[in-house]
Amino acid sequence: MPTTSRWPHRLAIVGTGLLGSSVGLAARAAGVAEVVGVDADRHELRDAYRLEAITVAARSVEEAADGADLVVAATPVRALAEVLSRAHAANPSAVLSDVGSTKSHLLAELASLSTNMGRVIPGHPMAGSEQRGAQAARADLFQGAAWVLTPAAHVDHTALRRVTHFVRGLGGRPLILDPELHDQVVAFASHLPQLAATALMGAVAQVQAPAALRSLVASGFRDTTRIAASEPDLWVDICTTNSPSIVAALDALSERISLLRELVAAGDREGLHEVLTQAQRARLHIPTKPGSSPRGLRELLVHIPDRPGNLAAVFRILGAAGVNVEDLAIDHELQGGSGNLHIWVAGREALATALASLSSAGWTAHESDGTPKETSRLIH
């Protein structure tokens with residue numbers, strides 16, 4: 001547990017769903033003794049208390065904020081400004097933050113409500129899930145994740161230091177950005193993928209043979225459309241509070257899809273190869289896990305029958321050999337029964353050790369040729 005005076009003695013969380021309860025679990029694991037929670041959904045509040053994400057259940061925002069050093073709002077983005085304004089009115093000395101996905105709209109609303117902007121440090125942890133509710137919360141959700149902070153120009157620097165310290169205590173990596181830049185970046189990094197997955201599922205729903213489609217979809221399709229299962233109300237709020245940046249991102253994607261359509265329709269093999277290669281190279285430069293660099297990582301493939309205990313057996317072998325798994329993924333054969341386990345390790349020496357250890361134990365393994373595969377991500 002951090003020992004400086006910047007660490008909160010009493011933390012208030014407004015909204016005890018996935019993110020709010022994960023903040024509570026992470027804070028309690030880091031040593032915060034008192035975490036007060038409040039939620040309009042009494043079932044969520046009870047779940048958060050039962051899971052020990054909070055230690056006290058409050059009946060109102062004001063009751064939760066009273067006496068708190070730090071208030072974190074984890075409500076839908078449309079409600080954030082009102083929640084933070086009420087918390088500030090109840091406890092003007094508290095530092096206020098949130099975990100919402102859009103920032104310019106929030107700051108504008110807070111200014112219109114005459115909230116003391118110096119004590120508000122808007123935040124956005126780049127972590128989450130298509131799942132929802134306290135039941136899906138995890139204490140390690142923020143480990144290694146970027147946590148964007150978008151303070152106003154006249155920020156109280158003591159408040160900013162407290163929130164930065166708190167984020168690090170939860171395992172996050174604080175990143176301070178201008179609110180407008182944040183909204184532009186997340187429109188491409190987070191909001192566009194959601195809408196692309198939604199559009200893809202909408203298009204696929206028009207297939208005339210749904211039973212055949214369900215039999216033939218590969219893991220790449222499942223990965224690409226996974227986030228289409230996210231909560232619609234959440235995304236309606238996000239889209240309507242960041243519409244200019246999201247429209248710009250959609251326009252950019254539309255241009256790329258139009259280009260691909262033209263190349264496919266013309267049978268332009270050279271043009272298609274160029275576009276696909278550009279995308280491949282760009283994708284290979286994205287780190288396999290938060291905070292890491294893709295450079296120096298080596299990929300090996302292990303053919304693995306789909307039987308209980310096989311994954312654990314592979315990891316035991318690598319662990320005994322002192323090989324750290326930087327990332328992993330799996331692709332399942334359509335006919336079932338087995339698949340290929342993709343494992344990334346750091347450097348040639350680790351690769352050689354992993355291959356030798358697996359081979360000695362009777363596993364079929366080899367270094368990947370670097371060609372991207374359709375995979376189902378397991379971690380990170």
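The values are calculated or read from the model by the stated rules, or taken from the named source; none is laboratory data. These numbers were taken from a predicted model, which means no experiment stands behind them. With ideal geometry, Cβ positions are generated from the backbone for all residues, glycine too; neighbour counts draw on all protein chains shown. Remember, those area values only see protein heavy atoms, side chains included, never the ligands or the DNA or RNA. Shrake-Rupley method; radii C 1.70, N 1.55, O 1.52, S 1.80 Å.
Before moving on, here are some points about what is shown:
- Qualifying positions in region 20-48 - touching a residue at least 24 places away in the same chain (Cβ under 8 Å), part of a helix (DSSP H, G or I) and open to solvent by 40 Å² or more (accessible area, probe 1.4 Å): Arg28, Ala29
- Comparison of Leu334, Leu276 shows that the only residue that is surrounded by fewer than 18 Cβ atoms within 10 Å (Cβ to Cβ), outside any strand (DSSP E or B) and modelled with pLDDT under 90 is Leu334.
- Test: residue in region 362-373 that is at pLDDT 80 or above, aliphatic (A, V, I, L, M), open to solvent by 20 Å² or more (accessible area, probe 1.4 Å) and not in a loop (DSSP other than H, G, I, E, B): yes
- In region 243-254, the residues that are touching a residue at least 12 places away in the same chain (Cβ under 8 Å) never reach a residue that is β-branched (Val, Ile, Thr) and surrounded by fewer than 14 Cβ atoms within 10 Å (Cβ to Cβ) with C-beta atoms less than 7 angstrom apart, at least six apart or across chains.
- Test: residue in region 57-66 that is in a strand (DSSP E or B), out of contact with any His (no Cβ under 7 Å at 6 or more places or on another chain) and free of Cβ contacts under 8 Å to residues at least 40 places away in the same chain: yes
- Being open to solvent by less than 30 Å² (accessible area, probe 1.4 Å), assigned to a loop (DSSP other than H, G, I, E, B) and under 28 Å from Ile246 (Cα atoms) is true of Val155.
- Residue in region 205-214 that is touching a residue at least 24 places away in the same chain (Cβ under 8 Å) and open to solvent by 60 Å² or more (accessible area, probe 1.4 Å) present: no
- Scanning region 71-129 for residues that are charged (D, E, K, R) and open to solvent by less than 30 Å² (accessible area, probe 1.4 Å) gives Asp98, Lys103.
- Some residue of region 215-222 being open to solvent by less than 50 Å² (accessible area, probe 1.4 Å), outside any helix (DSSP H, G or I) and either over 25 Å from Pro125 (Cα atoms) or of a type in the set (A, V, I, L, M) (or both): yes
To keep it simple, each residue is scored yes or no on (1) at pLDDT 85 or above; (2) of a type in the set (Gly, Ala, Ser); (3) over 30 Å from Ala108 (Cα atoms); (4) outside any helix (DSSP H, G or I).
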{"residue": "Thr198", "(1), (2), (3), (4)": "yes, no, no, no"}
{"residue": "Ala203", "(1), (2), (3), (4)": "yes, yes, yes, no"}
{"residue": "Gln206", "(1), (2), (3), (4)": "no, no, yes, yes"}
{"residue": "Asp251", "(1), (2), (3), (4)": "yes, no, no, no"}
{"residue": "Leu259", "(1), (2), (3), (4)": "yes, no, yes, no"}
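- Condition met for Trp344 (open to solvent by 20 Å² or more (accessible area, probe 1.4 Å), within 30 Å of the chain's Cα centre (by Cα) and at pLDDT 85 or above): yes
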